[in-house]
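Trainee: Can you keep this structure in mind? I'll have questions shortly.
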Amino acid sequence: MIQAGDFKNGMAVVIDGQVHQVLEFQHVKPGRGQAFVRAKIKNLETGATVNRTFSPDERFPLAHIEKRDMQYLYEADGQYFFMDTETYDQVGLASEQLGDAVRFLKEGMVVKVLKTGDKTLGIELPTAVDLKVVETEPGVRGDTAQGGSKPAKLETGAVVQVPLFVDTGDVIRVDTRTGEYVERVS
């Protein structure tokens with residue numbers, strides 16, 4: 001059991017019988033009244049994100065989440081299939097379980113699949129992935145009216161903002177947590 005006052009980012013707890021992950025938290029001590037904890041939590045079973053307030057002494061059981069390395073194989077009819085790299089077992093996940101991670105999922109990529117008991121919750125991508133730019137407009141020297149960036153479509157279908165010097169065919173590194181361009185990979 002853990003108190004809400006001891007929350008940490010990334011921690012998994014059971015709230016109302018469902019597994020939630022603490023995305024952000026803040027201890028608030030107003031001038032008058034009781035202190036409280038304001039937290040942004042994500043329901044790992046449904047993918048819903050909500051903001052809630054807790055009393056600092058509210059207690060919640062910690063959730064045991066197992067992370068297994070699995071390789072992404074393919075997508076068929078909205079199901080994404082992964083293979084355990086040790087046992088070669090395969091598991092299929094619906095796109096709702098994966099959420100925004102689908103944008104950066106590339107065949108052959110090794111990800112961590114999150115499980116609690118016999119229930120699969122979703123996946124955790126590496127913090128950065130290297131993806132090929134398949135479509136972008138050529139950058140014109142001196143064209144900085146839009147802040148020096150332009151949209152680029154990646155091999156996975158995701159669209160990210162990139163600097164003007166990035167061309168079609170370049171491989172770039174993207175931060176999977178924010179969906180932002182990091183650097184060009186040589």
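The values are calculated or read from the model by the stated rules, or taken from the named source; none is laboratory data. Since this is a predicted model, take the numbers as computed values, not measurements. Neighbour counts are summed over all protein chains in view; Cβ atoms, including those assigned to glycine, are modelled from backbone coordinates with ideal geometry. We work out accessible area using only protein heavy atoms, side chains counted, and drop any ligands, DNA or RNA first. Shrake-Rupley method; radii C 1.70, N 1.55, O 1.52, S 1.80 Å.
Trainee: Would you mind getting the Kirkwood hydrodynamic radius of the range 9-113 from its Cα pairs, rounded to one decimal in Å?
Mentor: After inverting the mean inverse Cα-Cα distance, the result is 15.9 Å.
Trainee: With 5 Å bins from zero, work out the P(r) of the range 67-121 over every alpha carbon pair and list the percent per bin.
Mentor: 4, 20, 35, 29, 10, 2
Trainee: Can you compute the helix-only [θ] at 222 nm over the chain? Use -39500 (n - 2.57) per DSSP H run of at least 4 residues, normalise by all residues, nearest 500 deg cm²/dmol.
Mentor: -500 deg cm²/dmol
Trainee: Return the inverse of the average 1/r over all pairs of distinct C-alpha atoms in the chain, which is the Kirkwood hydrodynamic radius, in Å to one decimal.
Mentor: 18.9 Å
Trainee: Next up: Okay, which of the range 50-78 sit inside 19 Å, backbone N to the point 7 Å along the Cα-Cβ direction of residue 14?
Mentor: Inside the label zone: 58-67.
Trainee: Quick one: pull the percent of accessible area on the range 42-186 belonging to carbon and sulfur, 1.4 Å probe, ligands and nucleic acids left out.
Mentor: 46 percent
Trainee: Starting from one equal scatterer on each C-alpha and no solvent at all, send me the Debye-based log10 I(q)/I(0) for the range 86-186 at q = 0.10, 0.12 Å⁻¹, two decimals.
Mentor: Those come out to -0.35, -0.47, one per q.
Trainee: Give me the accessible area per residue for the chain, probe 1.4 Å, as a whole number in Å².
Mentor: Result: 59 Å² of accessible area for each residue.
Trainee: While we're here: Take the cross-link list 67/132; 8/150; 67/150; 42/153; 112/153; 29/119 and give me the ones stretching past 32 Å between alpha-carbons.
Mentor: Long pairs (Cα-Cα over 32 Å): 8/150; 67/150; 29/119.
Trainee: Would you mind computing, in nm to one decimal, how far apart the modelled labels at residue 57 and residue 107 are, each placed 7 Å from Cα along Cα→Cβ?
Mentor: According to this spin-label approximation, the distance is 5.8 nm.
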